[in-house]
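These notes are about the structure you will find just below.
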Amino acid sequence: MHPLRLEPHRLSPRFSFNDADVQAGASPWLLGQQRCSDAWALFCRCPGQHLFVSTFPGFDAEAMLLSVYAHAPQVAHPGYLIAEEQSSGQRLVKCTHAQFDAERPGQTLLAALQGLRFVDQPLSRKTLLGTIDKEGHYHPGLLASCEVLVVPAEGLLDKPSRWTLIKEALKRGYLAFSGSPIQIPLTCKVVVMGDPLAYDTLNGFDPEFADQISLLAEAQGEWFIDQPQDTHAWGAALRAIAQLYCQRELTPCGVTEMARYASRLCEHQQRLSLAWHQLGQTLAQCDGGAAPINGERICETLEAQRQRHNSVEIYAQRNVEEALVRVDTEGDKVGQINGLTVVDYFGHSYGEPARITCSVHYGDGEVADIERKSELGGNIHAKGMMILSACLYRIFGQDEPLHLSANIVFEQSYQTIDGDSASLAEYCCLISTIAQAPVKQSLALTGAIDQFGNVQAIGGINEKIEGFFHLCRYRGLTGDQGVIVPTANLSQLNLSDGVIDAVRNGQFHLYHVDKVEDALELLTGIPVGEADEEDRFEDTSLYGRVQQRLDAMAGNEAPLPPFWRRWFSR
């Protein structure tokens, strides 16, 4: 077995649960949210300091706040807003539950304050301040109706003037109507809820935003599996989510399958997603009536989800299968290699193999990125090409400039390409072209490189592998096909059962590499070689062939032997 080939057990996370592990425990919304709990404690303890809760997709931040409030309410008993009749007119006052006396003369109860209130209506001056009717009676608005008001950041971004109104109320402690002597006490503390981008936007809009909203609670999106009890805590939380969303039990194999799905959402074998709303919706889609949800039901649901979102993926696969888009999976070719890309569409990600080609000619040493020149390449891809060039010069151009130019392109690519995950494939394609060394078309590869030839981790590793595997399976698995991936990505592998079974049966292979030289030897079957004291490689090695070609382009070829010696050497 090749030393760089991966064993099947390394291709997906390994979770196991039993009946004792999946017993429902505390609120699932608080799992992993210690930052939010600590920020909430400060929010309750520190007068005049308000809170921003940072959320992420697939997480119900409102449910988390309700759980936090139930665990540690800001006040044990919400107070009241009352109107006191005085000689100078009516005065509005907030009083605590202990201070309120319903029998006290000269006071009118305007509202019993809610403990925690979410904005459930469009933000406007009227909804925030309240109204005064024709008889002069005040009807409380949002800022005078609760102890804690949760405001969505989107509402403030949509109408920035509403933030100005809230800020003035926070600074002064009261609100006022134009032309009215009545001052409305601010009864609540404010929690703004949104994503990190919303926080930065509001902070950029008003430098005083962070002065008023001085506390930050960042919801954690992933649960780290460092100890066995971490897995059990997540399983208990998942069972509680199943009860909330579909009132059904989960079998141990059902929890295991959901853990595998949650791990794939995180792209890490030792992390589990805390996007409980997304996971709960998936559980609610499982068929089977009121019966406990098992692993088979979850697999069916996830497959149905994928099929509802994969129409573009099917078209792309058909184009490759019908050779409308050319991708070779057998044979050997010089200057052509199979790279791997990821396409995101409608919340669905899938992998696509891409044919990368390279040509070289005499020139000034430039490695031209055709994608960039045609304005189809992004900045990160351009950076990867520059690093590729630096890696080439580090080995072959330290003492003198290279007298070649190269053109590298993604063939039949008509959309923007970005990222540096193809730089390993592009470098190998360039070396193949210079050395005139054929590359195995049965292998695809992905990975980023640095200037020293180290192979670095990339994103979308599972989608990329499965995209190439699908094409190979359609054309027929030969036992020679496979994918080369960075060693740094091994902890992110979470592949489908089809890929794992093919690897187990020897029909498909995965290789991991740390250096570009490892990838080159796998692709060409030619040893890269070791440099001697004069930085020269053996002529029969791959890098030796590169040096010979570069020497020829620079006009540094060794002179031919005399005619008579060539004649007798025939």
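The values are calculated or read from the model by the stated rules, or taken from the named source; none is laboratory data. The structure presented is a predicted model; accordingly, all values stated were derived computationally and were not measured. Glycine gets a Cβ as well: all are built from the backbone with ideal geometry, and neighbour counts include every protein chain shown. Areas reflect the complete protein model, heavy atoms only, side chains present, ligands, DNA and RNA absent. Shrake-Rupley method; radii C 1.70, N 1.55, O 1.52, S 1.80 Å.
In table form, for the structure just shown:
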item	result
Selected residue (only one of PRO185, PRO105, PRO181, PRO122 is in contact with a helix residue (DSSP H, G or I) (Cβ under 9 Å, 6 or more places away or on another chain), farther than 19 Å from VAL53 by Cα and open to solvent by 50 Å² or more (accessible area, probe 1.4 Å))	PRO122
Filter result for GLY377 (closer than 22 Å to GLY459 by Cα and modelled with pLDDT under 90)	yes
Residue tally, condition under 17 Å from ARG14 (Cβ atoms), within 20 Å of the chain's Cα centre (by Cα) and open to solvent by less than 10 Å² (accessible area, probe 1.4 Å), over the stretch 477-503	3
Meets criteria (assigned to a strand (DSSP E or B) and under 35 Å from the mean Cα position of the chain (by Cα)) for VAL93	no
Which listed residue, of GLU257, GLU267, is among the acidic types (Asp, Glu) and without any contact (Cβ under 8 Å) to a residue 60 or more places away in the chain	GLU257
Residue list for the stretch 542-560, restricted to those being modelled with pLDDT under 85, surrounded by 10 or more Cβ atoms within 10 Å (Cβ to Cβ) and out of contact with any Gly (no Cβ under 9 Å at 6 or more places or on another chain)	ALA554, ASN556, GLU557
Qualifying residue in the stretch 297-314 (condition: over 30 Å from GLN247 (Cα atoms), open to solvent by 50 Å² or more (accessible area, probe 1.4 Å) and not charged (D, E, K, R))	yes
In the stretch 390-418, residue farthest from the chain's Cα centre (by Cα) [restricted to those that are more than 30 Å from ALA323 (Cα to Cα) and among the aromatic types (Phe, Trp, Tyr)]	PHE396
Some residue of the stretch 530-541 being among the acidic types (Asp, Glu), touching a helix residue (DSSP H, G or I) at 6+ places or on another chain (Cβ under 8 Å) and at pLDDT 95 or above	no
Residue match in the stretch 504-517 (condition: open to solvent by less than 70 Å² (accessible area, probe 1.4 Å), in contact with a Lys or Arg (Cβ under 9 Å, 6 or more places away or on another chain), assigned to a loop (DSSP other than H, G, I, E, B) and at pLDDT 95 or above)	yes
Conditions (1) free of Cβ contacts under 8 Å to residues at least 60 places away in the same chain; (2) closer than 30 Å to LEU149 by Cβ; (3) crowded, with 20+ Cβ neighbours inside 10 Å; (4) not charged (D, E, K, R); number of the one not met by ILE225	(2)
First in the stretch 459-476 and crowded, with 21+ Cβ neighbours inside 10 Å and of a type in the set (Val, Ile, Thr), second anywhere and modelled with pLDDT of 95 or more and part of a helix (DSSP H, G or I), Cβ under 7 Å, 6 or more apart	ILE461/ASN489; ILE461/GLN492; ILE465/VAL499
Test: LEU116 is at pLDDT 90 or above, within 36 Å of the chain's Cα centre (by Cα), closer than 26 Å to ASP195 by Cβ and in a strand (DSSP E or B)	yes
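Here is a yes/no grid of residues against (1) open to solvent by less than 10 Å² (accessible area, probe 1.4 Å); (2) of a type outside the set (Asp, Glu); (3) closer than 21 Å to ASN454 by Cβ:
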site	(1), (2), (3)
ASP332	no, no, no
TYR345	no, yes, no
VAL360	no, yes, no
LYS373	no, yes, no
MET385	yes, yes, yes
SER389	no, yes, yes
LEU404	yes, yes, no
THR416	no, yes, no
SER421	no, yes, yes
